[in-house]
Structures are given as structure tokens and as C-alpha cells.
Amino acid sequence: CVMAYGETPQTLDPQATPPPPLPAEGLGSLDFWKSQITAAEAKIQKYAEAWKKNVRRQIGTPLEAMPKSDTVVVPLDHANIEQKKAQIYFRNPDVQLVAAPGHESSEDALQGFSAVVNEYLGPDGVDAETMADELLTDVMCPSGIGVSVLGLETAIDGMKPVEVGTEDVPAIGSVLNLQPVQQPIVEQMPNIIHQSYFWARVSPLMLLLPTRFHGRNFDRAPWLGYKFEMDKAIAIKSFGLTEDEAAAAGDLPDRLNEDEKQTTRDTDVVYGYCLSYQGNLYNPTVKHPEERWRLILVQGVDRIIKND
């Protein structure tokens, strides 16, 4: 179950067409999505206790109460899981690219792009091997499913002039039939000083699924989402939150391993929701059936953070 997240043309191109707003009410509205999130969280909570029990067995603390006699706990679940993980995913596979159906490409180009993709997947890139190891633990131990998010992050420092094309400018003395002069067309664009891809595990407890969705073909879901945690200072900078909004967006964080769970509300962290949905199903202004839209909301903040 992989969800996409990242920068969009609207983010990187200030002259791009702005996204259509959500409907004011009914299907696809802000209230609609808030109700969908509430129902999705309730759905996951039905499984949460069983998932946490599986984790307790894996880490060797399966007993529900203090035994009345000498008891030995053998952590077989941990041994079996680690053995199976090593058999299924013993190394990061090399990606071999081929030309798309109906297209041609030289072998040199395919090998060059393959090398770049494998570099991005490697330990100095998204580190897909570590991510896969974490997901396999989720699949084999607590929940039977693995959830990840794949995306692109950029850092922008102001604007810079960028040449986007050329135009003909009449030459001086055109009466002498001189040829027009080519002049560059320059526009102000975001100055991207850093960008990086990421592919990271999301706890199954943070997964959001439509309540009526069943099965394992997650591509057929009309929307997918996850709950995220973000440092308060970063959320204020990234989402333009006020101090009061950020303070209200804290929560009591949940963990599969309850030994790591805090007992008090975390006010230094902002909790939010990132949804990826099929645009034409929920917004009449979106026509193409394969357009995927991203909606970001922050817990306790009654406005849209991003819809792009």
C-alpha cells in the first residue's frame, strides 16, 4: 500500500493554474473529508489491540498477567519473523529498465537511467532496503499489511530568473531587410537549492482507508491516506500555522509497541492527515479519471492546509 506525496507544479511554478477549490458542502467538501477521516480512524482501532498483542509476542512479552508459577517465554515469533525476512528480502534488487510498450530507447540510455534509479534506491538515497525490512516486519507480525509513502521534498530560497524560451525582436534598421534578433524570454521561478526523494514506512496504526473498501488491491481504493506527526516548529513554517493552531494540534500518540507510548499529550508535535484521492469522484471541476489529488489537513484546524 504505497501513497505518493511531494511537490506539485502549483508549488514550483507560481504561474501554474491554481487548483479548483473543494465543494462548499456535500461530497468532497471539507466536512465530508473530516467525517471520512473520523470513520477511517475508527476502522483501524477495531484491529489495533490485536496488532499490539502480536507485537508483544514478537518482543517476548506476551503474558497478560503475572504468572503464579515459574514461566519461561521463548520468543519464537521473533526468530521466525527474522528468518522469513532474510529469505524473502536478502538484498536490494537491481532495477532493470526496459522501454515502455510502443516506444523505443537505446541500450545506453536504458543502462544510464537504470544506474540512476538504483542509486536513488540505495543507502545514499531513499534506502529502500531498510524501508522494506520495516514493512516486512509489519506484514509478518502485527497487521498483515505494509504501508509506505513515496515522495519528493524540496527546499526553496526565494526566486531566480530562468530562461524559458526565445522570441523574435525586430532588428534595428529593418527597412534594410535585416533578420530579426532572437531574444531570451526570462521569468522568475522558485530557486530550488535542494531536493530529495524519500520512501518511508508508515505505521499501520496511522493508515486511513475508506470504511467501505475491502480487499488488498489498494489501487482500487477511491482514496488512501495516513496520519502524520510533525515537529511543531516545522509545521508552523511549512503550513503557515499560528502558535495557537499548532498548540491545539497535539495529541496522545499511539504506538504498536506500547512500551514506547507516551502517557501524556504531546504538545511539541503537530498531527495531521494526508489524503490522496481520485479527483473526478469528489470534485465536479476535475474531469480526468486518472488525476490524483492531495489533501492535507491538520488536527483541530478547521481549514484546508493544501489541496493540490
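Would you work out which of Val72, Met189, Gln111 lies farthest towards the positive end of the dipole of the chain? Charges go on Cβ: Lys and Arg +1, Asp and Glu -1.
Val72
Starting at the first residue of segment 192-200, write each ³J(HN,Hα) from the Karplus equation 6.51 cos²θ - 1.76 cosθ + 1.60 with θ = phi - 60°, in whole Hz, x for Gly and Pro.
Using θ = phi - 60°, the values come out as 7, 9, 6, 8, 8, 8, 9, 9, 10 Hz.
What residue among Gln87, Gln183, Gln278 shows peak mean-square fluctuation when the chain is described by a Gaussian network model with Cα springs under 10 Å?
Between Gln87, Gln183, Gln278, it is Gln183 that shows the largest mean-square fluctuation.
Set the Förster radius R0 to 51 Å, insert the Cβ-Cβ distance between Asp308 and Ile59 as r into 1/(1 + (r/R0)^6), and round the FRET efficiency to 0.05. Spell out each step's value before the answer.
Values: r = 40 Å, r/R0 = 0.79.
FRET efficiency, Asp308 to Ile59: 0.80.
Estimate the FRET efficiency between Glu167 and Ile193 by the formula 1/(1 + (r/R0)^6), using the beta-carbon distance for r and 35 Å for R0, to the nearest 0.05. Spell out each step's value before the answer.
Numbers: r = 29 Å, r/R0 = 0.83.
Once rounded, the FRET efficiency stands at 0.75.
Quote the charge dipole size of the chain about the Cα centre in Debye, to the nearest 20; the model charges only the Cβ of Lys and Arg (+1) and of Asp and Glu (-1).
Values: 27 positive and 44 negative charges, 281 e Å.
Roughly 1360 debye, rounded to the nearest 20.
Mind checking which lysines have their Cα closer than 20 Å to the Cα of Lys43? Skip sequence neighbours fewer than 8 apart in that chain.
Lys34, Lys52, Lys53, Lys227
Which whole-number value in Å³ per residue fits the convex hull of the alpha carbons of segment 122-257? Spell out each step's value before the answer.
Details: hull volume 32.4 nm³, N = 136.
Cα-based convex hull of segment 122-257, divided per residue, equals 239 Å³.
Any idea of the accessible area per residue across the chain, 1.4 Å probe, to the nearest Å²? Intermediate values should be presented prior to the final figure.
Values: 19170 Å² over 308 residues.
Spelled out: the 1.4 Å probe surface of the chain, per residue, equals 62 Å².
Could you size up the charge dipole of segment 144-277 around its Cα centre, putting +1 on the beta carbon of Lys and Arg and -1 on that of Asp and Glu, and report it in debye to the nearest 20? Present the calculation step by step, with values, prior to reporting the outcome.
Numbers: 11 positive and 19 negative charges, 121 e Å.
Dipole of segment 144-277, to the nearest 20 debye: 580 debye.
Tell me the carbon and sulfur percent of the accessible area for segment 191-308, rounded to whole percent, probe radius 1.4 Å. Write down the numbers at each step before the final one.
On the way: 3120 of 6400 Å².
Of all accessible area on segment 191-308, carbon and sulfur atoms account for 49 percent.
From the helices alone, meaning DSSP H stretches of at least four residues, give me the mean residue ellipticity at 222 nm for the chain, per-run term -39500 (n - 2.57), in deg cm²/dmol to the nearest 500. Display every interim value, and only then the final one.
Working: 8 runs with 92 residues, N = 308.
For the chain, the value works out to -9000 deg cm²/dmol.
Distance cut-off 28 Å, Cα to Cα: go down the list Lys160/Lys237; Lys232/Lys261; Lys85/Lys237 and report the pairs above it. Please report the intermediate quantities before stating the final value.
Numbers: Lys160/Lys237 21 Å; Lys232/Lys261 19 Å; Lys85/Lys237 39 Å.
Pairs exceeding the cut-off: Lys85/Lys237.
Pull up all non-local amide H partners of Met189: gap of 5 or more, or a different chain, and H-to-H distance under 5 Å with H placed in the peptide plane.
The list, which skips near neighbours in sequence, is Lys160, Val162.
Within the accessible area of segment 102-144, what % is carbon and sulfur when the probe is 1.4 Å and the other protein chains stay in place? Please report the intermediate quantities before stating the final value.
On the way: 1360 of 2620 Å².
In segment 102-144, the share of accessible area belonging to carbon and sulfur is 52 percent.
Using a Gaussian network model on the chain with a 10 Å cutoff between Cα atoms, which of Arg220, Arg294, Arg57 fluctuates the most?
For the chain, modelled as a Gaussian network with Cα springs under 10 Å, the answer is Arg220.
How far apart, in nm, are the 7 Å Cα→Cβ label points at Lys68 and Asp127?
Going from the Lys68 label point to the Asp127 one covers 4.9 nm.
Leaving out same-chain residues fewer than 8 places away, which lysines sit with a Cα under 19 Å from that of Lys287?
none
Hey, what did the chain get for relative contact order, percent, Cα under 8 Å, at least 6 apart? List each step's numbers first, then the result.
Working: 467 pairs, mean separation 56.5, N = 308.
Relative contact order, the chain: 18 percent.
If r is the Cβ-Cβ distance from His78 to Arg265 and R0 is 30 Å, what FRET efficiency results, to the nearest 0.05?
Details: r = 32 Å, r/R0 = 1.07.
Step by step, r from the Cβ atoms, then E = 0.40.
Quick one: grab the alpha carbon gyration tensor of the chain, order the square roots of its eigenvalues as a ≥ b ≥ c, and give me rounded if a/c is under 1.5, else prolate or oblate depending on whether a/b is larger than b/c. Mind dumping the intermediate values first?
Details: a/c = 2.36, a/b = 1.67, b/c = 1.42.
Since a/c reaches 1.5 and a/b is larger than b/c, the shape of the chain is classed as prolate.
Could you rank the peptides 68-81, 120-133 by their average count of other C-beta atoms within 10 Å per residue, with the highest value first?
Working: 68-81: 10.4, 120-133: 15.8.
Ranked by mean Cβ neighbours within 10 Å, highest first: 120-133, 68-81.
The values are calculated or read from the model by the stated rules, or taken from the named source; none is laboratory data. Since the model is a prediction, treat every value here as computed from it, not as a measurement. Backbone-built Cβ (ideal geometry, glycine too); neighbour counts: all protein chains shown. The protein model used for the area step is the full one, side chains on, heavy atoms only, and it has no ligands, DNA or RNA in it. Shrake-Rupley method; radii C 1.70, N 1.55, O 1.52, S 1.80 Å.
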